[in-house]
Amino acid sequence: MLIIVCPFCGKRPEIEFTYGGQAHITRPERPSELDDQAWAEFLYMRSNTKGIHAERWRHARGCGRFFNALRDTTTDHFVATYRIDEPQPQIEQPAEPVPPP
Amino acid sequence: MSVLRTPGGGRVDRERSLQFNFDGKAYAALQGDTLASGLLANGVHLVGRSFKYHRPRGILSAGAEEPNALVTVNPGAPRDTPNVLATQVELYPGLRAISQHRWPSLQYDVGRVNDALSAFFPAGFYYKTFKWPQRAWKSVYEPAIRRAAGLGRAPATADPDRYAQRYAHCDTLVVGAGPAGIAAALAAADAGARVMLCDEQSEMGGSLLAETMARIDGVPALDWALRALATLAGNPRVTLLTRTTAFGYFPHNLLGLNQRLGDHRADPDPGQPRQRLWMVRARQVVLATGAIERPLVFPGNDRPGILLAGAARTYLNRYGVKVGVRVVVVTATDAAYQTALDLHAAGVAVAAIADVRAQPVGVLPDAVSRAGIEIMPAATVLGTRGDRRVSEISLGRVQGGMVRPAARLACDAVLMSGGYTPSVHLFSQSRGKLVWNESLLAFVPGLSAECERSAGACRGVGDLTAALEDGAAAGLAAAPDPVRGSWRPLPEAGTTGGCGWLGALPQPQTTATDKAFVDWQHDVTTRDLALAAREGFRSIEHVKRYTTTGMATDQGKTSNLNALSIVASGLGVPISQVGLTTFRMPYTPVPFGSFAGTSRGALFDPVRRTPMHHWAQARGAVFENVGLWKRARYFPRAGEDMHAAVARECRAVRSACGIFDATTLGKIEVVGADAVEFMNRLYVNSWTNLAVGRSRYGILLREDGFVYDDGVVARTAADRFHVTTTTGGAPRVLAMMEDYRQTEWPQLKVWLTSTTEQWAVIAVQGPNARRVIAPLVEGIDLGASALPHMAVARGRICGAPLLLFRVSFTGELGYEINVPADFGATVWEAVHAAGQAHGMTVYGTETMHVLRAEKGYIIVGQDTDGTVTPDDAGLSWAIGKSKADFVGKRSLERASMRAPTRKQLVGLRSRDGRTVLDEGAQIAALPGQQPPMQLIGHVTSSYYSAALDHPIALALVAGGRTRLGQTLYVPMPRGEIEVEVTPPVFYDPKGERLNA
């Protein structure tokens, strides 16, 4: 079980959180103006990153807030968490294992 | 006392003898013995039959790696535990155990015929043989194979014990309390760390418990270890856990430990759990899990009496038990020489040391020679003899690439040592990368994925001096403040040499007659592995699954590396290229009870009950689970089955009135200046022109256009909606609402609150509904024009604040009385009492389902399945046509979402007027088809309608609305059922009763 740092509540165990899919995908302002291809891109296409992946999490059994996280998909380790109105931090894969938060 | 018991020494209590029972026979042993050492002290080696060939098997090891000695403890008693290792069962007075997997008895097993017929049981035998006829697999082959090949039997009664779970946190978790682990714990504790040290055995000390020669800090090594452990025990920042197996390594340095608290006691403390599962989060982990001695692979290497040399030394020095009176040592390491010396000193005849190395030299071989024990270099083993115990070994000599017979030696035990395999299980589980070390002939930890370090023999540092220093360095580095640490070990230890052997020992060109086992527990031989390589298996993962090597409960602890070596040489590639199979948790089996902890019985899952639950229970309601809710399904009267009860309840609602607990409906309050805008964007409906005091049937789609949830939505104020959801859908609807509110439209001024449990909801349905509630309701005009269908009003009832909905899920005149949950039970009883004069009957969810199906009202999740659009369900009338956007709208515009051939909701009527279709049954357009047949839909809901006196069903059928009046066919095992396609509304299609 992971420890996830909620940007609002701090360190909490994984069971308090729900996963919310890839981050930084914005719903189009006017979906009706998109052709089928563009709509399908938004709706279905997701990256399958090996390494640092930006994704949404929700502290569902805590403050209830959505936030974004950078997670290393090769180790499951969270590298950073940040509010959804913040830009994605530029963080590289750590060269050495880091202790649990 | 047995001649096999030494006069003194070891860790057993000579003053406390005890009796135990194995396979119905009583034996004597000492306190401190394991079941294995107790049996060996009585000369019993034969403890089981092998998995496939039913060959007699003995105790191979002295620890967690044991592949043979699986037994059932306490058979038929409360703590009936199958498949435990005799090497890990601590004896207590009166312990009963039985061998497994033998019939009729351990001594005479009829399955032994498999061994004689083994030419017919090669690798992949099951895959190749039991293929035809297909149906025989389930009825004939599988039950027969399971009977023949099964391990112990699962206990038939419930586990009477209590299991506990707890979390713990520490700076440094040290796994394994051998020399490296103790040194690591001392160093970390000295540097101020909060340390946890766990060890799977009954006593800490690891290999030092069987060490007689080495000295540390000027005292015998074991004395040093006991002193060190006492120091650690006296440190309040250190936690010592014996009988505690670290079985799993999970991300972020979370380790699962299973502690056995009661299994070793004749009278367990009733105040203590039997076992305790620890979930330990450590900042740093030191793995000091040691190494496992490797068997040698030679023909007939599985006879009882043939065991690992290190195990024989452990039995002698720790338990005071000689494994035989005349032994032969076969070795590829120096370590076995120490075993030979110890046994020799204890009066055991060592017939010879057969060393597979060409020129064994060094301190230990010299000492052995001085003791007068013959050393045979460049040796190999050609075979063994003996029925249920080894009685003779045939040795050969390898010279110039040729193998020649050298000697036949009588013996009652053969001790083998093929080298040491580092226990990298936990390291590998942590996703660390293993690297092949050619000089050690072993995979050792390479790059770490977690904050952990391995120390000692588990990373190939097997020499005691080096292991102590390695452990201390690891412990210091794993402390939060290494600068504070100063402790260093002062070892002056003897050394145990390296070297070793992988794969099969050399054999003459002629095929050996007896099997050479690689995996004892799954009966995998050198021939099986060679066959797999010949048959084209290249990946070790495939070889593993084909031959089942390493797949038994011991997970290949003794076999993996030998198997790998044989496969590599069969493929002609280096071991490093073949790679290693994945290590998975648990390291050794953990009982389900530990994982379940207190989550059993009533505590297995939380239960949600409505305020009216006890009323329903008192009236004999039959409940069903809906999510975590308990819902009353029907209220049978004396002599009624479900069918009769439901028919009566249905008739009562249609003819008079019924009362129904609808409390479990999900409820969400949507509030704020932008509440209308928010609802417009989310639901398909238009909400702008919904007046305050009115409600509407709302549909929520996912962004892909498919129905996600539905429910009545009331506007209770200009800026406030009372949204109801399906019972099971409430959490996910709120989560979806929160998602859009927080992440897509954070600028909207809207707040969401779950109010599901704040309201009790009492549905009063039927022609008499108004008459029942009118005397109770205050402040609301119930007249048909003042409060028409879908109107909502606030008032009071029985002194409680009331939010009254005029809604109907039955097609009858209906009200839903919403009162604060605390008033639920009293209002319910008042309404029920008032209803008695009007023929009121309580009804449950089953009747609710029948009544709604008669009206063609869908249940999301039953009549929809995540691929149904509003139009498929016949609900396109609900969509706000003028809205530019709502969630799912763009997806509905795709051509395939509008195709006329989509499955559409229709009604079905059995042509025979009596057959109730099975829900989920498939539907065909043409009669008399044979599989594979063309199917055009399926039944989603099906009931017997009491009001109509014939069965009704709802179904999703391709192009269904163009098929009204057609005959379709429902193929069932008992024959085809003809059905007529009808509109989905069976009862009162004009809705006159609703608007009464």
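Read the figures in this text as sums done on the coordinates, not as results from a lab. On a predicted model such as this, the values are computed, not experimentally measured, just so you know. For neighbour counting, all protein chains shown are included, and Cβ atoms are generated from backbone atoms with ideal geometry for every residue, glycine included.
Diffusion coefficient (Stokes-Einstein, Kirkwood radius over C-alpha pairs, 20 °C, 1.002 mPa s) for the protein assembly as shown: 62 µm²/s, rounded to a whole number. Peptide A:47-60 has a mean of 1 when you count, residue by residue, the C-beta atoms of other protein chains within 10 Å of its C-beta.
Extension gain, B:Ser369 to B:Ala596: 0.36 nm times the residue separation minus the Cα-Cα distance gives 76.1 nm.
All C-alpha pair distances within segment B:410-563, sorted into 5 Å bins from zero, spread as 2, 8, 13, 16, 17, 15, 11, 8, 5, 3, 2, 1, 0 percent across the bins.
Loop sites here are chymotrypsin sites (Phe, Trp or Tyr not before Pro) outside DSSP states H, G, I, E and B with no more than 12 other Cβ atoms within 10 Å. The longest part of chain B free of them is B:109-603. Whole percent per 10 Å bin, from 0 to the bin with the longest distance: what is P(r) over all C-alpha pairs of segment B:896-996? Histogram of Cα-Cα distances, whole percents per bin: 16, 47, 28, 8, 1, 0. Rounded to the nearest whole angstrom, the semi-axes of the ellipsoid equivalent to segment B:225-320, taken from the Cα gyration tensor as √(5λ), stand at 31, 20, 17, largest first.
Positive contributions from Lys and Arg (+1) and negative ones from Asp and Glu (-1), summed over other residues with Cβ under 15 Å from the Cβ of B:Pro900, come out at +4. Residues B:Arg681, B:Arg294, A:Arg46, arranged from fewest to most other Cβ atoms within 10 angstrom of their Cβ, appear as A:Arg46, B:Arg681, B:Arg294. Over all Cα atoms in segment B:759-821, the spread is summed up by Rg and Dmax: 10.5, 29 Å.
What is the helix-to-structure angle for B:642-655, meaning the angle in degrees between its Cα long axis and the longest Cα principal axis of chain B, kept from 0 to 90 and rounded to the nearest 10? For B:642-655 against chain B, the angle is about 30 degrees. Across all Cα pairs in segment B:659-851, the calculated P(r) in 5 Å bins from zero up to the longest distance comes to 1, 8, 16, 21, 20, 15, 10, 6, 3, 1, 0 percent per bin.
Structural descriptor for chain B: relative contact order 9 percent, calculated from alpha carbon pairs under 8 angstrom and at least 6 residues apart. Using only Cα coordinates, the Kirkwood hydrodynamic radius of segment B:1-43 works out to 10.5 Å.
Alpha-carbon geometry of chain B: the Rg and the Dmax are 37.4, 115 Å, given in that order. Within chain A, the ratio Rg/Rh, alpha carbon atoms throughout and Rh by Kirkwood, equals 1.02. Here the relative contact order of segment B:896-996, from alpha carbon pairs under 8 Å that lie six or more residues apart, stands at 35 percent. For segment B:551-607, dividing the convex hull volume of the Cα atoms by the residue count gives 105 Å³ per residue. Starting from the Cα gyration tensor of segment A:40-89, take the square roots of the eigenvalues, sort them a ≥ b ≥ c, and report rounded, prolate or oblate (rounded when a/c is under 1.5, otherwise prolate if a/b is larger than b/c, else oblate). In terms of gyration-tensor shape, oblate.
Across segment B:881-897, coupling constants 3J(HN,Hα) worked out from phi with the 6.51/-1.76/1.60 Karplus curve, θ = phi - 60°, read 5, 8, 6, 6, 7, 7, 4, x, 4, 4, 5, 5, 7, 5, 4, 5, 7 Hz, and Gly and Pro carry x. Restricting segment B:497-600 to trypsin sites (Lys or Arg not before Pro) that sit in a DSSP loop and have at most 15 other Cβ atoms within 10 Å of their own Cβ leaves B:Arg538, B:Arg584, B:Arg600.
Measuring nothing but how far apart in sequence close Cα pairs (under 8 Å, 6+ apart) lie, relative to its length, segment B:659-851 scores a relative contact order of 23 percent.
Counting neighbouring beta carbons within 10 Å and listing from fewest to most, the residues B:Asp171, B:Asp719 come out as B:Asp719, B:Asp171. Residues whose amide H lies under 5 Å from that of B:Leu60, counting only those 5 or more places away or on a different chain, are B:Asn68, B:Ala69; hydrogens are built 1.01 Å from N in the peptide plane.
Put a plus charge on the Cβ of each Lys and Arg, a minus charge on the Cβ of each Asp and Glu, and nothing anywhere else: the dipole of segment B:659-851 about its Cα centre is then about 520 debye. With neighbour counts taken as other beta-carbon atoms within 10 Å, the residues B:Leu440, B:Leu296 rank, fewest first, as B:Leu440, B:Leu296. Mean per-residue shielding of peptide B:891-898 is 2, counting Cβ atoms of other chains within 10 Å of each Cβ. Other protein chain C-beta atoms within 10 Å of residue C-beta, averaged over B:249-256: 5. Across segment B:13-125, the fraction of Cα-Cα pairs farther apart than 22 Å, rounded to a whole number, is 34%.
Divide the volume of the convex hull around the Cα atoms of segment B:831-936 by the residue count and you get 190 Å³ per residue. Specify whether the C-alpha gyration tensor of segment B:36-100 places it in the rounded, prolate or oblate class, a ≥ b ≥ c being the square roots of the eigenvalues: rounded for a/c under 1.5, otherwise prolate if a/b is larger than b/c and oblate if not. Judged from the Cα gyration tensor, segment B:36-100 comes out oblate (a/c at least 1.5, b/c at or above a/b).
Angle of helix B:730-739 to the longest C-alpha principal axis of chain B, folded into 0 to 90 degrees and rounded to 10: 90°. For the pair B:His169 and B:Thr753, a Förster radius of 45 Å applied to the C-beta separation gives a FRET efficiency near 0.80, rounded to the nearest 0.05. For chain B, the 222 nm mean residue ellipticity estimated from helices alone, with every DSSP H stretch of n ≥ 4 adding -39500 (n - 2.57) and the total spread over all residues, rounds to -5500 deg cm²/dmol. For segment B:896-996, the dipole from Cβ point charges (+1 on Lys and Arg, -1 on Asp and Glu) about the Cα centre works out to 380 debye, to the nearest 20.
Note the angle between two axes, namely the Cα long axis of helix B:824-835 and the longest principal axis of the Cα atoms of chain B, as a number of degrees from 0 to 90, rounded to the nearest 10. Relative to chain B, helix B:824-835 is tipped by roughly 40 degrees.
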